Amino acid sequence: MFAVRDVRSLITETTEEGHGLKKSVGATQLTAMGVGAIIGTGIFVVIGEGAGVAGPAVIISFILAAIACTFSALSYAELASSIPVSGSAYTYTYATLGEVIAWIIGWDLILEYGVSVAAIAVGWGGNLNAFLDAAFGVALPDAIAKSPEDGGVFNLPAVFIVLAITLLLVRGVTESARVNLVMVAVKLVVLLFFIAVAMVNFGTGNFHNFAPTGVDGITSASAIIFFAYIGFDAVSTGSEEARNPAKDLPLAIIGSLIICTIFYVLTAVGALGIASPAQLQSSDAPLATALDKGAGIGWAASILALGAVVAITSVVLVILYGQTRIFFAMCRDGLLPPRLATVNQRYGTPARLTIILGVLIAILAALVPLGEIVKLVNIGTLFAFVLVNVGVIILRRTRPEMPRPYRVPWSPVLPLLGVAFAVYLMSDLPLATWIRFVVWLAIGLIIYWLYGYRNSRLRKEPEVTVDGTPNWAKDPERPDGSDPR
Amino acid sequence: MTAPDAGADGPVIAGVDGGASGKDALILGRWAADVLAVPLVVAVVHPAPAAGAGRVDAEWIADRHRAAETVLDGARTVLKDAPGQVEYQMVASTSASHGLHDLAEELAAQAIVVGSGRSAPPMRLFAGSTAERLLAGSVCPVAVAPAGMLSPPGSLGRIGVAYIDTPDGWAALETAAGLARQTGSALRLYTVVADNDTTLPPLIGEDSERAFLSLARESYETTLTAAVDSLSGIEVDYEILTGNVVETLAELDDVDVLFCGSRGYGPARRVLLGGVSTKLMRRAKRPIVVVPRAD
C-alpha cells in the first residue's frame with residue numbers, strides 16, 4: 001500500500017527531447033509566474049463571502065491566509081525540487097510517500113479542481129449577470145441564475161460555461177502560455193481599475209465597526225478567502241526551471257505572495273470604501289456589485305464585470321483541464337478504471353473522461369451555492385497542505401540521502417507551522433463542510449480498497465522490462481509497443 | 001515543388017498521427033522527397049504542456065509523448081526498405097497544424113505532406129481539419145494524399161495543374177512545371193468551364209447562353225495556349241473540361257499529383273468565397289498539392 005514509484009522511471013519519461021525544460025528562470029520571472037498563477041479569479045468571487053463573515057477585518061484575513069500559504073509553499077517546493085520530473089502533487093507523492101497517500105492526494109485534487117471549477121463558474125455567471133444588469137439594465141431572473149438555496153431553481157449561466165468549456169476541451173483546446181499571459185494582464189488591469197475607481201469614491205463609513213465578529217470571524221473569513229490564493233503551487237513546481245532553486249525559490253514564493261496580498265488588501269479596502277459588507281456578501285460578483293450598488297457607478301461596474309467574465313472563462317478552462325489530466329494520470333496508473341481514460345481517436349483528448357467530469361461539475365454548479373462550494377475547495381486544499389508538510393518531515397527521516405536542490409529551512413519547524421496554520425484554518429470551516437469532505441475521502445478510500453489496490457499497475461507489474469520502460473508506463477492497448485495500424 | 005523562399009535542400013515533411021491515413025502520407029512524402037532528392041522528415045506532433053497551475057498535465061504529456069513514439073515506430077516499419085535519408089522528429093505544439101508549420105519554417109521545408117482524414121471512404125481524399133488549417137498561411141506547398149491510392153505517385157508520368165490566369169494560378173503552374181522538369185513527366189494544364197446552365201436559358205435565351213460559354217471557352221484557350229507556350233523543356237498540353245470545378249477536378253485519375261493555387265484567404269473569407277482548393281482537398285482521387293501564392 002505504501003509502495004513508491006521508481007523515480008528513475010519518471011525521469012526517463014521527462015528527459016526525452018522536447019521535454020527537458022530549460023533551467024533558465026531567475027527569481028524575478030519566478031515571482032511573476034507566481035503572481036500570474038495566484039491572481040486567478042478567487043478575488044472576484046470570494047471577497048464578498050469573506051467580508052460578510054469578518055466585516056472590514058477581512059483585510060487581516062487576507063494576510064493570515066497568505067502566511068498559511070507561505071509555509072506550505074516552501075514544503076511544496078522542497079518536494080517538487082527533490083524529484084526532477086514534471087508532475088503534480090500526485091506525481092510527487094507517488095514517488096515519495098507511496099501509493100495510498102498519492103491516492104488520497106489525487107482524490108483530494110480531483111475534488112479541489114472539480115469543485116473550484118464549479119465555484120468559478122458560479123462567479124462567471126454572477127459577473128455575466130452583473131454586466132448585463134449594469135450595461136443594459138436587464139438581468140437573468142433569479143430562478144435560472146441562482147442555486148436553490150439562494151432562492152433560484154438552478155444556475156443556468158454556470159451550467160452553460162462549464163459545458164461550453166467541456167466541449168472545447170473535448171475538441172482539444174488548451175490555453176497557451178501567450179493567452180495565459182494576456183489573461184493575467186486582463187485580471188491585473190481589471191483589479192487596478194477597480195482599486196482606482198474605488199479610491200476616488202472612497203468613504204470611511206463602512207470601517208467603523210471594524211471587526212464585528214472578532215478573531216473568530218477573522219479566521220473563519222481566512223478559511224474562506226483562502227480560495228483567492230489557490231494556484232501558488234505553480235511557483236513551487238517551477239523549481240525544475242529555476243536557475244538557483246535554493247536561493248530563488250523562497251524569494252519567489254514569498255515575493256509573489258506578498259505582491260498578491262498587497263493587491264488583495266487594496267482591493268478589499270477599496271471594496272469596503274464604497275460598499276457595505278452586507279452588499280458584498282449578497283452577490284456572486286461582489287466587486288461589480290460594489291461599484292454598481294455601492295458607489296452607483298454603472299459604467300465602471302459593467303467594465304469590471306466584462307473583464308472578469310473574460311478572465312474567469314480562461315480560468316475555468318485551465319482548472320477543468322487540470323482536473324481531467326489528474327484523473328487521467330490516476331487511470332493510467334491503474335488506480336481508477338483505465339477504460340475511462342481512453343484517448344479519443346478523432347480529437348486526441350481523453351474525451352469520455354472530460355465529458356463525465358464536465359457534466360458532474362455542471363450539476364454541482366447548477367445546484368450548490370457559491371459559499372458552500374468554496375469551503376469545500378478550501379478544506380481539500382488545506383488537507384493537501386497538511387499531507388505535503390508532513391511528507392517533507394517524513395522524507396527527511398526515511399530518505400535523508402535524496403538530493404534536494406531546495407531545502408525548507410529550519411525543518412521540521414516550518415513544515416510543522418505549515419501544518420498548524422492549515423489545521424487552524426480547517427478547524428474554522430463549518431461541520432457540514434467537514435462531513436462532506438470526510439464522506440468524499442471515505443468514498444475515495446473504499447474505491448481504492450475495492451479497485452485501485454488490486455489493479456494498480458505498480459503492484460501488478462512492478463518489474464522494469466528490458467527496454468527500461470516499466471510496464472505500467474506502456475500503452476494498455478499495445479503493451480508490446482507495436483504499430484497501432 | 002519548391003517553396004518561393006525555401007532553400008533548395010530543405011526536406012519534405014510528412015506529418016503522421018497514427019491514423020489510417022498516415023501510410024498514404026508516408027508514401028506520397030517518400031516519393032516527393034525522392035523526386036526532389038532531399039531528405040524526408042517524418043514528423044508527429046504531440047501536445048505541448050498547457051499554461052496553468054501546478055504541472056497537472058505532466059503525466060498526460062508524457063503519455064501522449066509515448067503514443068507519439070509509437071506512431072513514429074509505425075512509420076519506421078512502413079519506410080523500412082525505403083531508399084534515401086529519412087529522419088524522425090517529434091514536435092511539441094498546441095495543435096498539429098501549428099507544429100507542422102513551425103517545423104516547416106525551421107527546416108525551410110520544400111513541402112508538407114499529410115494524409116486524408118480517418119473516415120475517408122477508400123480512394124477518396126477527405127482532408128481533416130489539420131490539412132485545412134495548414135493551408136491558412138503555409139510557407140510551403142501542402143500536399144494531401146487520398147486514402148489508399150490505387151496507383152502509387154510517379155507511376156502515371158503526368159503532373160496536372162488546375163490553371164487560371166491569376167497570381168495564384170501562376171504560382172501553381174510554376175511549381176508544377178518545376179516538378180515536371182525534375183521528374184521528366186508530362187505536364188497538363190486543366191481549366192474547367194461551367195456546364196450549360198439549365199435554369200437560366202429560358203430567361204435569357206439559349207443562344208446567348210451558348211454564345212457566352214463559347215466566348216469563355218475561347219478566352220480560356222487563349223490564356224492556356226499562352227501559358228503552355230511560356231514553358232520550355234517539358235512536354236506540356238492543356239485540356240478544357242466542362243462541369244462543376246470541384247467535382248470535375250476531383251474525378252481526375254490520370255495524374256500523379258494535381259497542383260492548384262490558393263488565394264490565401266483567411267478562414268473567414270475562405271468560407272464566404274468557397275475556395276476551390278479547400279473543397280478539392282476533401283474529395284480528390286489523386287494527391288492534391290496546394291501552392292501558396294508567391295507574394
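The values are calculated or read from the model by the stated rules, or taken from the named source; none is laboratory data. This is a predicted model, so every value here is computed, not measured. As a convention, Cβ positions derive from the backbone with ideal geometry for all residues, glycine included, and neighbour counts pool all protein chains shown.
Listed here are the residues, each with its yes/no results for (1) part of a helix (DSSP H, G or I); (2) under 30 Å from A:Ala278 (Cβ atoms); (3) of a type in the set (Val, Ile, Thr).
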{"site": "A:Leu169", "(1), (2), (3)": "yes, no, no"}
{"site": "A:Thr174", "(1), (2), (3)": "no, no, yes"}
{"site": "A:Leu192", "(1), (2), (3)": "yes, yes, no"}
{"site": "A:Met199", "(1), (2), (3)": "yes, yes, no"}
{"site": "A:Ala211", "(1), (2), (3)": "no, yes, no"}
{"site": "A:Asp216", "(1), (2), (3)": "yes, yes, no"}
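If I filter segment A:408-427 down to residues being among the small types (Gly, Ala, Ser) and closer than 11 Å to A:Asn389 by Cα, which single residue comes out as modelled with the lowest pLDDT?
A:Ser411
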For this session: Output yes when any residue across segment A:19-41 is modelled with pLDDT of 85 or more and of a type in the set (D, E, K, R), and no when none is.
Result: no
Problem set entry | Selection within segment A:136-167 - assigned to a helix (DSSP H, G or I) and either at pLDDT 90 or above or crowded, with 22+ Cβ neighbours inside 10 Å (or both) | A:Leu156, A:Pro157, A:Ala158, A:Val159, A:Phe160, A:Ile161, A:Val162, A:Leu163, A:Ala164, A:Ile165, A:Thr166, A:Leu167
Exercise. Does segment A:248-282 hold any residues that are outside any helix (DSSP H, G or I) and either surrounded by 24 or more Cβ atoms within 10 Å (Cβ to Cβ) or charged (D, E, K, R) (or both), and which are they?
Worked result: A:Ala275
Problem set entry | Residue count for segment B:69-106, restricted to those that are more than 24 Å from the chain's Cα centre (by Cα) and at pLDDT 80 or above | 5
Problem set entry | Complete set of residues in segment B:90-103 that are within 9 Å of chain A (Cβ to nearest Cβ) and either among the polar types (S, T, N, Q) or assigned to a helix (DSSP H, G or I) (or both) | B:Thr94, B:Ser95, B:Ala96
Problem set entry | Residue that is farthest from the other protein chains (Cβ to nearest Cβ) [pool: residues in segment A:203-247 that are of a type in the set (Asp, Glu) and surrounded by fewer than 24 Cβ atoms within 10 Å (Cβ to Cβ)] | A:Asp216
Problem set entry | Residue count for segment A:96-108, restricted to those that are within 15 Å of A:Arg332 (Cβ to Cβ) and aliphatic (A, V, I, L, M) | 1
Problem set entry | Subset of segment A:294-347 [among the small types (Gly, Ala, Ser), more than 30 Å from B:Gly18 (Cα to Cα) and more than 12 Å from chain B (Cβ to nearest Cβ)] | A:Gly294, A:Ala295, A:Gly296, A:Gly298, A:Ala300, A:Ala301, A:Ser302, A:Ala305, A:Gly307, A:Ala308, A:Ala311
Exercise. Any idea which of (1) buried (at least 23 other Cβ atoms within 10 Å of the Cβ); (2) assigned to a helix (DSSP H, G or I); (3) in contact (Cβ under 8 Å) with a residue 60 or more places away in the chain is the one A:Val408 doesn't satisfy?
Worked result: (2)
